[in-house]
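**Student:** My questions will all concern the structure given below.
Any read-out appearing in this document is the output of simple, stated calculations on the displayed coordinates, not a laboratory observation. What you are looking at is a predicted structure, and each value in this text was computed from that prediction instead of being measured. Positions of Cβ are backbone-derived with ideal geometry, glycine not excepted, and every protein chain shown enters the neighbour counts.
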Amino acid sequence: MSTNYLVSHYNDKISDVVAAAVSTPFLITGNYVLRVPDDVSAQGVDVLTLTNSKYTGILGNNSLFTQVVWDDMFDGAGVNTTASTGVTLGKNGAVSLYPAHGGHIPILQTTPMGIIWGGPGPGPSQAMVVYELFDYVDVDDKAVPYQRSYRELGTGSSDVTVQVSFNGGVNFTNVVNNAILTLPGVVQGTSVVLKFTRVSDSTTYERIFVGSWAVLF
């Protein structure tokens, strides 16, 4: 279950709030979604304040960690376009990966994000990656007005693998959403990169969208 804030495409104002379970589509026509996990307390009257509150809340729920970096993925500004392939990079819920096909493997890789680390070691030895995947369910029939619904995809419900690098993309480590990750010295560092990969020629989801990601350390 998540709390989903519907934000207008036209003026970025919060227009509605919907609580929905994983894999349950809900109508969002004319809006995009800012999703907040139901175990996170987030407050705000505008998108920026609510987004900051969301990630502060995620960090507050995980007392093992003291810092968090994130990208809300409201646009493709944080995507490494040289290392990425088979993606769309639009605004407001439009960053996505196409299915793998004919040997082509779509990859969405982020640009390096520097973190502050005072030791010990060259970087964190433990971390946690939190990310959101979703798709759209569209109804475009001549007999009815166009409708778009948002559907949250739970961990394991799609064919996307996620990896994180702390040394600028030199070494990548597989991650499980919301799970503690142990990082040996050889992969430690202070330059965070995420990689999302479509791994199969699946037609279940035409495109899978990346809602946001955060790294706690």
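Here is a yes/no grid of residues against (1) of a type in the set (S, T, N, Q); (2) out of contact with any Cys (no Cβ under 8 Å at 6 or more places or on another chain); (3) surrounded by 14 or more Cβ atoms within 10 Å (Cβ to Cβ):
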| position | (1), (2), (3) |
| --- | --- |
| Y10 | no, yes, no |
| P25 | no, yes, yes |
| Q43 | yes, yes, no |
| V47 | no, yes, yes |
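**Student:** OK, next. Kindly check whether there is at least one residue in segment 150-169 that is outside any strand (DSSP E or B) and farther than 28 Å from P37 by Cα. It would help to see each step written out before you state the result.
**Tutor:** So in segment 150-169, the residues outside any strand (DSSP E or B) come out as 154-159, 166, 168-169.
So of that shortlist, the ones also farther than 28 Å from P37 by Cα come out as 168-169.
Yes - at least one qualifying residue is present in segment 150-169.
**Student:** For segment 24-37, what are the residues that are more than 16 Å from N92 (Cα to Cα) and under 16 Å from the mean Cα position of the chain (by Cα)?
**Tutor:** Correct list: P37 only.
**Student:** Of all the residues that make up segment 176-201, how many are among the polar types (S, T, N, Q), surrounded by 15 or more Cβ atoms within 10 Å (Cβ to Cβ) and either assigned to a loop (DSSP other than H, G, I, E, B) or at positive phi (or both)? Don't jump to the end; show me each part of the working.
**Tutor:** Step one: of segment 176-201, the residues among the polar types (S, T, N, Q) are 177-178, 182, 188, 190-191, 197, 200.
Going one step further and asking which of them are surrounded by 15 or more Cβ atoms within 10 Å (Cβ to Cβ), we end up with 177-178, 188, 190-191, 197.
So of that shortlist, the ones also either assigned to a loop (DSSP other than H, G, I, E, B) or at positive phi (or both) come out as 177-178, 188, 190.
Qualifying residue count, segment 176-201: 4.
**Student:** Now a separate question. What's the number of the only condition in (1) part of a loop (DSSP other than H, G, I, E, B); (2) out of contact with any strand residue (DSSP E or B) (no Cβ under 6 Å at 6 or more places or on another chain); (3) more than 21 Å from I180 (Cβ to Cβ) that W117 fails to meet?
**Tutor:** Only one criterion in (1) part of a loop (DSSP other than H, G, I, E, B); (2) out of contact with any strand residue (DSSP E or B) (no Cβ under 6 Å at 6 or more places or on another chain); (3) more than 21 Å from I180 (Cβ to Cβ) is unmet by W117, namely (3).
**Student:** Give me the residue from segment 164-175 that is surrounded by fewer than 18 Cβ atoms within 10 Å (Cβ to Cβ) and not hydrophobic (A, V, I, L, M, F, W, C) and, out of that set, nearest to P112 (Cα to Cα). Don't jump to the end; show me each part of the working.
**Tutor:** The initial filter retains those residues of segment 164-175 that are surrounded by fewer than 18 Cβ atoms within 10 Å (Cβ to Cβ), namely 168, 170-171, 173-174.
Filter once more, so that each one left must be not hydrophobic (A, V, I, L, M, F, W, C): 168, 171, 173-174.
Working: G168: 6, N171: 13, T173: 15, N174: 17 Å.
Residue satisfying both the conditions and the ranking: G168.
**Student:** Filter segment 124-144 down to the residues that are free of Cβ contacts under 8 Å to residues at least 60 places away in the same chain and either surrounded by fewer than 10 Cβ atoms within 10 Å (Cβ to Cβ) or among the acidic types (D, E) (or both) and list them by number. Don't jump to the end; show me each part of the working.
**Tutor:** Just the residues of segment 124-144 that are free of Cβ contacts under 8 Å to residues at least 60 places away in the same chain, to begin with: 138-144.
Residues satisfying the conditions are D138, D140, D141, K142, A143, V144.
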